[in-house]
Structure formats: structure tokens, C-alpha cells
Amino acid sequence: MLEVAVEYRAAIEKMTEAQANGLRKWELDKREWTLATQLRDVLQASRLVTLWYFSRAGKDAPDLTDVIPAMDIIDQKLATGSLNQALDPAIRVALGLGKRSVNHYYNKTDESAVYRIAMVLDPRHKVQYFRDNNWPEEWIAQARFLVRQAYDEDWKGQAVSHEEREGAEEPQVCSQLIIPDLSLLMSSLSWCM
């Protein structure tokens, strides 16, 4: 809506300047047009992330490991915008409040080990994602610990040998997931963490 209003500013101004049509009270002043333009521009970043995230389908559909990078992009845009002195103070305050709201929910990812474990096990990310994005070393160490803990508590000793797999009719299943040779997986994690 803002995009359309800014694009058709001349027409809107022409329409609202005529007192006879009763729209004069809705006429925007110069500052309000500046606010509308700036707001449209800062919301564009969130719109693009949202479209990227929700427009993917099938094998390209977003998964759990797409949450943290998407939230990082939004957080970075909000943080940068809230400090941008070229923006109107009202826009900077709104961006700061938006960042606070986003971080309220983003921090919820720390309440579940699943996000950390998924990121560490994802070949696209591993712990290098967190290092590349300057996450605290304590957080990275905790993520590595959670992976090891999950393996030790839920998976260790459940790997199926090559000989057992060849003779088995059906794959071993635990919690509705096919169990791969996790000892091999865990040993490969040591070089990537």
C-alpha cells in the first residue's frame, strides 16, 4: 500500500488538494510523505526475506536451519536502520521497537536445543555459520555440547553395522526417523566443529 501511495503521490496530492471533495483532511504534508517513503523502503527488506522464505516449495522449501539465518538478516536490517541518522527519528524508533519484538521471539530459539543441533548438523552451516556471523564462543561451545549430549543420550550405540543393514528387511527406526550410521556422522563432526 505504501509503495502505491508513494508511486502515485502526485495524483494523491492533486486529489486531496481540492476542498470541494472533502478529502483535504487526508492530505499529507512533506514530512508525512518522507515518512511514508522511508517506511516503504525499510519494510522492503523484511518483505524480501518473507517472500524468499515462504515462496520456496518442494525440496527447496525452508526448513528449521533457515530460521536462524533469516532472523539474522531481519535483525541486522532493523539494527542498521534504527541507527541510520538519515532516517526520520520516528522511523528509527519504530525500527528499534521492531528489533526488540523480533528479538523477543528470536531468543526463544535458545530455549530449544533443536535449532542449535540442526544448524550444527546442517552441512551448509555447521558451527562456521556462527563464527562467520560473530556469535559468542560460549554460545558455539554450548551448541557443540548439545549435539554431543543428544548423540550420547539418544543415538549412541544404536548405529547399525554394514552387515546388519544388508541382512535387514527394513531399516531400523527410532522415533519415526531412520537411524544412519551415527558413529560415522559424529566422528565427521569433530573436523567441522
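In percent, what relative contact order does region 19-101 have, based on Cα pairs under 8 Å that are 6 or more apart in sequence?
The normalised contact order for region 19-101 reaches 26 percent.
Under a point spin-label approximation (7 Å from Cα along Cα-to-Cβ), what is the Y53-D152 distance to one decimal in nm?
Each label point is offset 7 Å from its Cα along the Cβ direction, giving 3.4 nm.
Let me know the shape class of region 12-91, please: from the alpha-carbon gyration tensor, a ≥ b ≥ c as square roots of the eigenvalues, rounded when a/c is under 1.5, otherwise prolate if a/b is greater than b/c, or oblate.
Details: a/c = 5.67, a/b = 2.02, b/c = 2.80.
Because a/c hits 1.5 or more and a/b fails to exceed b/c, region 12-91 counts as oblate.
Can you bin region 1-145 into rounded, prolate or oblate? Criterion: square roots of the alpha carbon gyration tensor eigenvalues sorted a ≥ b ≥ c, rounded for a/c under 1.5, prolate for a/b above b/c, oblate for the rest.
prolate
Order these by the 10 Å Cβ neighbour count, fewest first: Y105, Y8, Y53.
So the residues, fewest neighbours to most, are Y105, Y8, Y53.
Only residues of region 79-118 count here: report those whose backbone N is under 20 Å from the spot 7 Å along Cα→Cβ of A5, or say none.
87-98
Coordinate-derived values only; no laboratory data. On a predicted model such as this, the values are computed, not experimentally measured, just so you know. Glycine gets a Cβ as well: all are built from the backbone with ideal geometry, and neighbour counts include every protein chain shown.
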